[in-house]
Structures are given as C-alpha cells and as structure tokens.
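Structure first, commentary second.
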Amino acid sequence: MKDTDVLDSPNAIEFKSVTKKYGDVVAVDNLNLSIPRGKITVFVGPSGCGKTTSLRMINRMVEHTSGEILVNGEPNTAQEPHKLRRSMGYVLQQAGLMPHRTIVDNIATVPRLNGTSAKSARTEALQLMETVGLDTSLAKRYPAQLSGGQAQRVGVARALASNSSILLMDEPFSAVDPVVRQDLQKELLRLQSELQRTIIFVTHDIDEAVLLGDYVAVFAVGGRLAQFGTPEEILREPADDFVASFVGRDRGMRRLTFAGASDVKIHPLTSQHTPWQQWELKVEDGKPAGWIIDGRTIPGGSLFVEGGTLRDALDSVLSSPSGVGVAVDRNGKVLGLLKSEDVLAATEAERHRRYGVNA
Amino acid sequence: MNWLMNNLPYVGQLSALHLLQSIIPVIAGTLISIPIARLAVGRRRDGRSTAGHTAGSAFKRGAVVNTAALLYTIPSLALFVLMPLVLGTSITSPLNVYVALTIYVVAMMVRSAVDAFESVSPVTLESATAMGYKPVRRFWAVELPLAVPVMLAGLRVALVSNISMVSVGAVIGIQSLGTLFTDGLRRNLPAEIIVGIVGTVVLALILDRLLALIGAWLTRWRKA
C-alpha cells in the first residue's frame, strides 16, 4: 500500500452485503468486497455476471437493492447522486464523448459542472491532454474527427479532470482494435504509476485483467464474486472450478507473464551460421527485417524486447519461422537470438523456484 | 414587369406581411412542439429512452404523434374561418392566421421533434449523467443541441409549407402575397398573379437557405 492516502481507511470503496435485484432476477448476489486505495482493481467475468452492474452501483448509475457501499468511508447514498458522480471519473466503452463539444470542452466538463471558470477549466484540460498523450493541436476538434483510440484517450482525460481520486472504467478498451488496445493499456499503466488513483476496471478479457490489475475480482454468472486476489494468486490457485475454467487453458502461459527472462541466454548474431540453422536473419539498419531461406524472405515472428517476460521470450521462439527468437533492445536494434531449449530450461527453472523444489 | 415596377411599395408591404405570418407561427409552433415531444419521449433517470421497453410509454408516444398528425388533416380554409369563433377575433384579424398556422406547425413539428429526441445517442446521455449532470441541465446542455440536426429537417419542411399556406389567408381578406392572387384574379391581371407566385417562391427559397445556414452553424460539430 502506497503512503499517499490522507484518509485512515486503506480501502477507497467497500461493498458490504450488496445485492441488486431486477424483479426476481438477482444481478449481484450479496457482494462483500474491499477495493484498496491507489490500486487498479479489475472486475472480470463472463457476460451477465454482474461486473458492470457492480461498477455502476458505485456512482449510483444503478441503485443497489440492499446492503451498503462505502466510498472513502461514507455510504454512497449520503450525498446526492450528481455530487457523488462529479467526485469520480467514469470512462465508458464507446468513450461517450459529447459530439457537439470540442475535445478541450469535453475534458473540461466536470470542472465546469463544479463551477470552475471556463478559462482555468480549459487550461487544466490542455494539461490533461498532454498527460494522456494527446497532441494539444486536437483541442479544437470535435469527437467525430478523432480515431477510436484518440477518443478513448479523451475519455480517460475527462475522467481524470477535477482530480477525482476514483476512476470507474467500464470495458473502456474493448471497442478498439488490438494494436490500439495494447497502446492504451500501456498508457494506463504508465499513467497509474504517476497518478496512483483508485481505478476499478471492468473487462471480460482475462488477459487484460491479468495485465492491468493489481487485484482481480472474478465474477461468476448469477452475480456471485467467485474469487478476489492478485492476478498471480488467481492463476496459481483458482478458488473453484468456475474460476479455473474461466482463467482458461492458457493459464500456464499466462503465468509466465510474471516471470522475467533474464536467465535466458541471448546468443550473439554471429552464431546464426552454426549448423542448427540454414535460416539467415535479415537485418536492416540494425533492426530485424524477416528471415531469409532459399533466397526467399519470410516475415519474422514477435520480437523479444530486452527486459521482457518469459512469456514474451517463449512467444518469440514459437512465432519465429526459423524457430529461433529474435531479441532486440528498446530501440528495436537486434541484440541476438533466443533458442527454444534455453527458453524451456528457463520455464523449468522458474517452476522449480516457484515451488521451491529441485525436480 | 411593368406592373411590378408600378406597384413596388405595395408588393414590398405585402411581402413584409407575408414574412411575418410565415415566421411567427413557425417560431411559436416549434416552441410549443418541443416540450410536447420531449414529454412524449419517456426517459429513464440515467437518460436512456423507455420507448420500446414499456407498453405505457409506447402508447404515450403513439398518442401524441398521431394526435398531432390528425391536426394536419383539418382543411386550412376551414380553420381560418373557424378561428374568429374560437378566439372571438374579427374575421380579418391577422391573429386568426397566426393561431391557425401555429397549429399546423405543431402538427408537423411534434413528429420531427419526437424523432429528433429519439435520435440522441443514449450512450451520450448516460455518460452525461455519469459526469454529474442533473436532468434539467442535461436537457439544455446536451439533449437539445444534439436533437437539432433531425429537428432542423422538420423545421425546414414546416417553414416552406407554412409560407405557401399563408396565401390562403388572402381568401378571407388577410393581407399577404396571396392578396396578389385574389386581386389579380378579380381584376384579370395575370402579371399581378405571376408576381405573387414568384414572390412567394423567392421568399421560400431565401428563408429556407437562411435556415439551412443557421442549421449548419448550429451543427458544425457533425462535419468530420
């Protein structure tokens, strides 16, 4: 727990026996959950598991049927809904920007609602654009003129305005393409390392949950909280069959995300002419540009970036047409080659370390 | 052409009267239609539409839209003649025209305004609610501006059809460019009738263009 909080309670939000019913249908069933301050907590689960409903109950976009939700130690019903909502950021799947307002005015929405002057709200909005990696030349544009990824960044900037200590994110990256999504995920982690807000993030994608979450809450169909813990705990010891099956068949692979690949030897490039390959790595300006075999050039696989995880290392080996992974530095320059046997040996070593055994 | 040159001040005066009788009912009718339409479109507290969710709200919407449409089937001349009886005005009072035409504008605009409010993205309204807008402020700041594009299409039709309908008032003696038709017919002056027709068309074209320009400015955010 970071030492940044001013309040006594280490938990920003607490669900206490919270139930939500629509008629006779139980959407959320007796939820007890404490969300730690300054961390990213991911709600993950299949459709209809109540994860979004639980998120929306926090800012009273959905009213809970029974139980109590404490926000910074106060029941969230203690203040009027609009005041509660202005105190937290909210990011939706389709960004939900106001199409008739410029980007800068969209970001300034909540400060303006709180009575900040137009001038200082705009100044703040321009700073926030830089914070989330948006060019301030976009400030006067309208949302229709942005790409999906840019719109989502504006959505995040808007949620950060007014210094809200709590951010609610409802499947914010699920409508953008995978490349942009990866960008946005990295950006969120970078932002969080600087800002240390309490973020509640809803997704149906377990990979996203594992990547982003300091903590993960797995919801099961019927609105039951199946497990709460760190991603590693959930992958290592699923609480029940539901979590085990939801976490999925690839969980062995996923767990390699938590293991560094510093043990894996990077062979110098000159060794590519050794008997184990007739493949030759094509290098342009020091960067890898595919593999050459029989005079043909074949596009290369994923690259292992220096300092990456064991999962990245394994993928670089498996996806490479030559069966040999390519390691690069942060600028994309070739460092050397990864051999599959070295990577497998590293996964073995990692397993031994994890369980503290030698066989 | 000679006739026009000789009667320029007269035509100008009739054009001004025609203009007033065209614009005032459109403004009044639109102002009346917007609240009716907004009430016909049910919304939940979070801004999502209830139409299609509950039988009651579907009925309410249908009742309002169809009643409005029914008003349009009353013949205009009958309405002009009926007005003095209802309002207690004299038969030649311009008020008759204002009120009767306002009813027609309402008949057309309620439908457009209902469509306009339904065209507003529920996600946007929901996100506005989640930002902390209260319903009334959300209506003025978000919902109404976003309904403008669809409403404007209806408004242009209402304005143009209203300009043509103003002429009918001439039959009961209320002055407008339509007076040139009745007068020209009585005095057998084709030139006067043609001036009346051309004048009405020109007026319609100018006002429609003007409205389109205002609309383009109000919806400049739509151009990607």
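The values are calculated or read from the model by the stated rules, or taken from the named source; none is laboratory data. Keep in mind it's a predicted model, so treat the numbers as computed, not measured. Note: ideal-geometry Cβ built from the backbone for every residue, glycine included; neighbour counts use all protein chains shown. In case anyone asks, the SASA skips ligands and DNA or RNA and just uses the protein heavy atoms, side chains included. Shrake-Rupley method; radii C 1.70, N 1.55, O 1.52, S 1.80 Å.
For segment B:114-133, residues that are within 10 Å of chain A (Cβ to nearest Cβ) and either hydroxyl-bearing (S, T, Y) or surrounded by 17 or more Cβ atoms within 10 Å (Cβ to Cβ) (or both) total 12.
Reported count of residues in segment B:137-174, each being surrounded by fewer than 19 Cβ atoms within 10 Å (Cβ to Cβ) and polar (S, T, N, Q), is 2.
Taken over segment A:198-208, the criterion of being of a type in the set (D, E, K, R) and in a helix (DSSP H, G or I) is satisfied by A:D207, A:E208. If you go through segment B:87-110 one residue at a time, do you hit one that is more than 23 Å from the chain's Cα centre (by Cα), on the phi < 0 side of the Ramachandran plot and within 14 Å of another protein chain (Cβ to nearest Cβ)? So far as segment B:87-110 goes, no, none of its residues is more than 23 Å from the chain's Cα centre (by Cα), on the phi < 0 side of the Ramachandran plot and within 14 Å of another protein chain (Cβ to nearest Cβ). Among the residues of segment A:109-122, the one identified as open to solvent by less than 20 Å² (accessible area, probe 1.4 Å) and either more than 11 Å from every other protein chain (Cβ to nearest Cβ) or over 21 Å from B:T124 (Cα atoms) (or both) is A:A121. I'd like to check something: does segment A:1-11 contain any residue that is more than 14 Å from chain B (Cβ to nearest Cβ), over 26 Å from B:L125 (Cα atoms), modelled with pLDDT under 95 and open to solvent by less than 40 Å² (accessible area, probe 1.4 Å)? Yes.
Residue pairs whose Cβ atoms lie under 7 Å apart, separated by 6 or more positions or on different chains, with the first residue in segment B:208-220 and closer than 19 Å to B:S161 by Cα and the second open to solvent by less than 90 Å² (accessible area, probe 1.4 Å), are B:D208/B:R156; B:D208/B:L159; B:D208/B:V160; B:L211/B:L155; B:L211/B:R156; B:L211/B:L159; B:A212/B:R156; B:G215/B:L152. Taken together, the residues in segment A:167-197 that are assigned to a loop (DSSP other than H, G, I, E, B) and of a type in the set (D, E, K, R) amount to 3. Pairs are defined by a Cβ separation below 9 Å, a sequence spacing of at least 6 or placement on different chains, a first member in segment A:118-132 that is within 19 Å of A:R190 (Cβ to Cβ), and a second member that is acidic (D, E) and open to solvent by 50 Å² or more (accessible area, probe 1.4 Å); the pairs so defined are A:M129/A:D135; A:T131/A:E194.
If you check B:V114, B:V105, B:V97, B:V136 for being under 25 Å from A:A108 (Cα atoms) and among the β-branched types (V, I, T), only one passes: B:V136. Checking each residue in segment A:140-166 for being within 14 Å of another protein chain (Cβ to nearest Cβ) and outside any helix (DSSP H, G or I) picks out A:K140, A:R141, A:Y142, A:L146, A:S147, A:S164, A:I166. Looking at segment A:199-230, which of the residues that are free of Cβ contacts under 8 Å to residues at least 60 places away in the same chain and either under 23 Å from A:N72 (Cα atoms) or not aliphatic (A, V, I, L, M) (or both) is surrounded by the most Cβ atoms within 10 Å (Cβ to Cβ)? Only one residue tops the list, namely A:Q227. Candidates B:L189, B:L205: the one that is under 30 Å from B:M5 (Cβ atoms) and open to solvent by 80 Å² or more (accessible area, probe 1.4 Å) is B:L205. Taking first residues from segment A:173-198 that are at positive phi and in the same structural domain as A:N11 (by TED's automatic domain parsing) and partners that are surrounded by 12 or more Cβ atoms within 10 Å (Cβ to Cβ) and of a type outside the set (K, R), the Cβ contacts under 8 Å between residues at least 6 apart in sequence or on separate chains come to A:Q196/A:G38. Scan segment A:321-343 residue by residue and report those that are in a helix (DSSP H, G or I) and either under 12 Å from A:P288 (Cβ atoms) or free of Cβ contacts under 8 Å to residues at least 24 places away in the same chain (or both). Hits for segment A:321-343 are A:S340, A:E341. When you check A:I40 against the structure, is it at pLDDT 95 or above, in contact with a Phe, Trp or Tyr (Cβ under 7 Å, 6 or more places away or on another chain) and either over 28 Å from A:D177 (Cβ atoms) or more than 10 Å from chain B (Cβ to nearest Cβ) (or both), yes or no? Against the criterion (at pLDDT 95 or above, in contact with a Phe, Trp or Tyr (Cβ under 7 Å, 6 or more places away or on another chain) and either over 28 Å from A:D177 (Cβ atoms) or more than 10 Å from chain B (Cβ to nearest Cβ) (or both)), A:I40 qualifies. Look through A:E68, A:E74, A:E63 and report the one residue that is open to solvent by 40 Å² or more (accessible area, probe 1.4 Å), more than 8 Å from chain B (Cβ to nearest Cβ) and touching a Pro at 6+ places or on another chain (Cβ under 8 Å). Result: A:E68 is the single residue among A:E68, A:E74, A:E63 that is open to solvent by 40 Å² or more (accessible area, probe 1.4 Å), more than 8 Å from chain B (Cβ to nearest Cβ) and touching a Pro at 6+ places or on another chain (Cβ under 8 Å). Test B:G169 against the stated conditions and say whether it is in contact (Cβ under 8 Å) with a residue 40 or more places away in the chain, away from every other protein chain (no Cβ under 14 Å) and more than 15 Å from the chain's Cα centre (by Cα). Taking the combined requirement at face value, the residue satisfies it. A:K83: more than 8 Å from every other protein chain (Cβ to nearest Cβ), more than 25 Å from the chain's Cα centre (by Cα) and surrounded by fewer than 16 Cβ atoms within 10 Å (Cβ to Cβ), yes or no? So A:K83 does not fit the description; no.
The sole residue among A:L55, A:L92 that is surrounded by fewer than 22 Cβ atoms within 10 Å (Cβ to Cβ), within 14 Å of chain B (Cβ to nearest Cβ) and modelled with pLDDT of 95 or more is A:L55.
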